[in-house]
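> Structure below; questions to follow.
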Amino acid sequence: MQRFDFVTLKLFVAIADEGRLTAAAEREHLAVAAVSKRVSDLEALVGTDLLYRRPRGVELTPAGRAFLHHARRILEDVARMQAELSEYGEGVRGHVRIHSNTSAIIAFLPQDLSAFALTYPQIKIDLQERTSSEAITAVRDGVADIGIFASHVAADELEVMPYRRDQLVLVTPQDHPLAVHRQLHLHQAAEYDFVGLQQDTSLQSLLHEQASQAGRTLRMRIQVRSFDAICRMIHYGMGVGVLPRQTLYRDLKDLKLCMIPLADEWAKRELVVGMRHYATLPLVARHLVDHLLAPHTPEQPL
């Protein structure tokens, strides 16, 4: 039993998560042949089969489920040990990897990360802009330490904590027929052309889902990759769009746009901070999470 190595333990967890050797090999950056041999050697070492080989993947045997339980605990204990020992290093230094959706990057993270950098100037922050789903996957796979994403996106494998709230608003040109409303429901705008983000974003998926539940279909005339591009398209009369209110502080005046709060309950979104386990984060990452979740200056009323 002393011949177990952490690479094999981590690989077995990946196989259990993915259900296929090829997917686990991609996740752990190993050749499929190397993965297959490690599994065979592991089964020979424990003296029993750990996996059922199926035409479309693999399943855990009863022994495999027991092994998975212990493998996860061992890896978590090692991660927790590393996190605790990092506190004894010389000073608070290191780097933290964050993957965040666009809403948080535009509306909240600039001021939060700036304040953090003043307190911990020796901590390097690696921030990547991703969709909510991509941020969740990055944290799950160990590519990022922390993810910031919309709470309506499933993240069952992660520990999540509330970060900020944002309000979705309909954005129109100032002379648009809908601009006279003080608030409205999404389905009231469904007769107009929309400018939106590309299909793989959580915001776009949310809008299509909610429109469908109301018995309507959004006519997406143009789909672009950024909030700025949406605003410019709306400015030139290409349609209306839905964006987080806190991201519009500049474009409303410069591009002569109007925003109308959506009255739908789902339009009050919550952003969350997600991680695999807070207790196993390195000390520097825990400092950043604590900073992000600390009480802050209240936002403007929604």
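> Which of the lysines could be linked to residue 124 by a straight reach, that is with a Cα gap under 29 Å, when you skip same-chain ones fewer than 8 residues away?
10
> Decide, for the stretch 72-174, between rounded, prolate and oblate: order the square roots of the alpha carbon gyration tensor eigenvalues as a ≥ b ≥ c, take rounded if a/c falls under 1.5, and otherwise choose prolate if a/b is larger than b/c, else oblate. Before the final figure, lay out each step's value.
Details: a/c = 2.86, a/b = 1.48, b/c = 1.93.
In terms of gyration-tensor shape, oblate.
> Just tell me which aspartates and glutamates come within less than 20 Å, Cα to Cα, of residue 256; anything on the same chain fewer than 8 places away is out.
Partners within reach: 175, 193, 228.
> Another question about this same structure. What's the ranking of 11-17, 100-106 by average number of surrounding C-beta atoms within 10 Å, highest first?
On the way: 11-17: 21.0, 100-106: 24.1.
Per-residue mean Cβ counts within 10 Å order the peptides as 100-106, 11-17.
> Here is a further query. Per residue of the stretch 160-172, what does 6.51 cos²θ - 1.76 cosθ + 1.60 with θ = phi - 60° give for ³J(HN,Hα)? Whole Hz please, x for Gly and Pro, Karplus curve as stated.
10, 9, x, 10, 9, 10, 9, 10, 7, 10, 7, 10, 9
> Turning to a different aspect of this structure: Quick one: which residues, 5 or more positions from residue 273 or on another chain, have an amide H under 5 Å from its amide H? H modelled 1.01 Å from N in the peptide plane, none for Pro or chain starts.
161, 163
> For the chain, what is the accessible area per residue in Å² when the probe is 1.4 Å? Write down the numbers at each step before the final one.
Working: 16260 Å² over 302 residues.
The answer is 54 Å² per residue.
> Counting only DSSP beta bridges with both residues in the chain, tell me the antiparallel percent, nearest 5. Don't jump to the answer; show the numbers that get you there.
On the way: 25 of 42 bridges.
DSSP beta bridges in the chain are roughly 60 percent antiparallel.
> Taking the DSSP beta bridges in the stretch 171-302 as the whole, what percent of them are antiparallel, to the nearest 5? Walk me through the numbers before you get to the answer.
Values: 4 of 11 bridges.
Roughly 35 percent of the beta bridges in the stretch 171-302 run antiparallel, per DSSP.
> Report in % the part of the accessible area of the stretch 105-194 that belongs to carbon and sulfur, leaving out ligands and nucleic acids; probe 1.4 Å.
Working: 2120 of 4390 Å².
Of the solvent-accessible surface of the stretch 105-194, carbon and sulfur hold 48 percent.
> Starting from the Cα of residue 37, draw a straight line to each of the aspartates and glutamates and keep only those under 15 Å, dropping any in the same chain fewer than 8 residues away.
5, 28, 49
> Also: Which cross-chain or sequence-distant (5 or more) residues have an amide H under 5 Å from the amide H of residue 242, H modelled 1.01 Å from N in plane?
Answer set, sorted by chain and number: 171.
> Return the long-range amide H neighbours of residue 130 (sequence gap of 5 or more, or a different chain), with a cut-off of under 5 Å between placed amide H atoms.
100, 101, 102
> With θ taken as phi - 60° and the coefficients 6.51, -1.76 and 1.60, list the Karplus ³J(HN,Hα) couplings across the stretch 223-230 in order, rounded to whole Hz; mark glycine and proline as x.
10, 10, 9, 9, 5, 4, 5, 4
> Please list 3J(HN,Hα) in residue order for the stretch 45-62, calculated via the Karplus relation 6.51 cos²θ - 1.76 cosθ + 1.60 where θ = phi - 60°; whole Hz, with x for glycine and proline.
5, 7, x, 7, 6, 9, 10, 8, 8, 10, x, 10, x, 10, 10, 7, 6, x
> Then there is this: Tally up the carbon and sulfur contribution to the accessible surface of the stretch 27-87 as a whole percent, 1.4 Å probe, everything protein left in place. Before the final figure, lay out each step's value.
Details: 2170 of 4040 Å².
C and S atoms contribute 54 percent here.
The values are calculated or read from the model by the stated rules, or taken from the named source; none is laboratory data. Note that the structure is predicted; figures quoted are calculated from it, not measured. With ideal geometry, Cβ positions are generated from the backbone for all residues, glycine too; neighbour counts draw on all protein chains shown. Quick note on the areas: whole protein, heavy atoms, side chains included, nothing else; ligands and nucleic acids left out. Shrake-Rupley method; radii C 1.70, N 1.55, O 1.52, S 1.80 Å.
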